[in-house]
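The structure under discussion appears below in the form of structure tokens.
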């Protein structure tokens, strides 16, 4: 390992105090705060929403027989926040040079995904996320979670989320991604995030981070979160920032999507306006 990388690793090991709450850098906690004047502050009580933690899982604490029971407790819409013990992360960075583990050392959570139904097979639950040099996809199923430590967060009022819009987002973002540039490296450093607030299908970006693809998917489905500040400009959107966020439920138009095989192509004209207000439940 180069001296510079070794010094950075040592600083991480020293900075991420194992005695701190959740072993995260206390000095960086301010970076993970949602916007104080976000959409939720404009919502009526019945439209205001938030994430509630429902599960906490670590492979060492569960035997193989119990995994089926854990998996059965997960539902569509659950947001999975991945975590690692700081000492384990530090050793991987220091000894193996795995700099992709830096988010786990800097923040409470190092990766984020949301449970969605496969648009091509609604009997199958998949994990929508974004990966370095791969971008957004749903290649992993729930069984991949048994090898990781994570917390699950569930959005209250999930029944009011526009599911068809969510499935269209998955189709569109998969069609646009799939290249090495599918991951938002500029957004990873907080300089300029891909469109986190897409309202039409052509506004969906081709590159996202793991946190911004979850925020964008929910926004497209009618959930405006407080997670980002300054429209995602000069703002590192972290996994904790998303699950800490409150939000508001809004009515969204159904985007027109033309499909050819497994690909999706956005059209200009929105159709099927869907009202998700309580009167229509």
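Only one entry in 144, 149, 201 is over 15 Å from the mean Cα position of the chain (by Cα), over 30 Å from residue 66 (Cβ atoms) and either at pLDDT 85 or above or crowded, with 23+ Cβ neighbours inside 10 Å (or both), namely 201. Considered as a group, the residues in region 111-131 that are closer than 18 Å to residue 81 by Cβ and free of Cβ contacts under 8 Å to residues at least 60 places away in the same chain include one that is farthest from the chain's Cα centre (by Cα), and that residue is 125. Looking across region 105-115 at every residue that is modelled with pLDDT of 90 or more and surrounded by fewer than 24 Cβ atoms within 10 Å (Cβ to Cβ), the one that is farthest from residue 144 (Cα to Cα) is identified as 111. Screening the candidates 50, 46 for the property of being modelled with pLDDT of 90 or more and part of a strand (DSSP E or B) yields one hit, 50. Number of residues in region 118-137 that are at pLDDT below 95, surrounded by fewer than 22 Cβ atoms within 10 Å (Cβ to Cβ) and in a strand (DSSP E or B): the value is 7. In this structure, residue 175 does satisfy being touching a strand residue (DSSP E or B) at 6+ places or on another chain (Cβ under 7 Å) and modelled with pLDDT of 50 or more.
The values are calculated or read from the model by the stated rules, or taken from the named source; none is laboratory data. Note that this is a predicted model, so its numbers are computed, not measured. Note: ideal-geometry Cβ built from the backbone for every residue, glycine included; neighbour counts use all protein chains shown.
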